[in-house]
Amino acid sequence: MSNIRELTCIGCPKGCSLKVYLEGNSVKNVEGNTCKRGEIYGEKECTNPTRIVTSCIKVSGGVENVVSVKTEQDIPKGEIFKCLELLKDVTVEAPVSINDIIVKNIDNTGVNIIATKNIELKQ
């Protein structure tokens, strides 16, 4: 059974309109991409979609009460809400530096949660 999925590529700023031709769960062809990243994105989005997750967690003793965080790499799309649920109760002590590992191997994905902002210690 042949199927076509139409996607907008997020691999680069161009946002190419892609047509991904599928047979069952296999990608047979990707059209509309102007770079290799588009082909890779189209295939990956149809077979194993992943995303970078961004959120905020609580900070104790800092000049700010929260710090922005993200996954160090993308995780399977189906794991996003579980990841966010695990982060809601996390609190970190100030000071926090950009790229500090906040949670190692979130939900056994092999991906760390890292800080994306510096938070100084409250004086």
Anything in region 59-75 that is at pLDDT 95 or above and within 20 Å of residue 111 (Cβ to Cβ)? List them, or say none.
67, 68, 69, 70, 71, 72, 73, 75
Subset tally (residues that are crowded, with 16+ Cβ neighbours inside 10 Å and under 26 Å from residue 45 (Cα atoms)) for region 81-102:
2
Would you point out which residue out of 40, 106, 102, 80 is free of Cβ contacts under 8 Å to residues at least 60 places away in the same chain and in the same structural domain as residue 12 (by TED's automatic domain parsing)?
40
Determine, yes or no, whether residue 67 is crowded, with 17+ Cβ neighbours inside 10 Å, in contact with a Lys or Arg (Cβ under 6 Å, 6 or more places away or on another chain) and either farther than 23 Å from residue 4 by Cβ or aromatic (Phe, Trp, Tyr) (or both).
yes
Go over the candidates 16, 35 one by one and state the one that is surrounded by fewer than 18 Cβ atoms within 10 Å (Cβ to Cβ) and either hydrophobic (A, V, I, L, M, F, W, C) or at pLDDT 95 or above (or both).
35
Please find, within region 23-50, the residue that is farthest from residue 6 (Cα to Cα) out of those that are in contact with a helix residue (DSSP H, G or I) (Cβ under 6 Å, 6 or more places away or on another chain) and among the hydrophobic types (A, V, I, L, M, F, W, C).
27
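The values are calculated or read from the model by the stated rules, or taken from the named source; none is laboratory data. The structure displayed is predicted, hence computed values, not measured ones. When we count neighbours, we look across all protein chains shown, and the Cβ atoms used for this are built from the backbone with ideal geometry, even at glycine.
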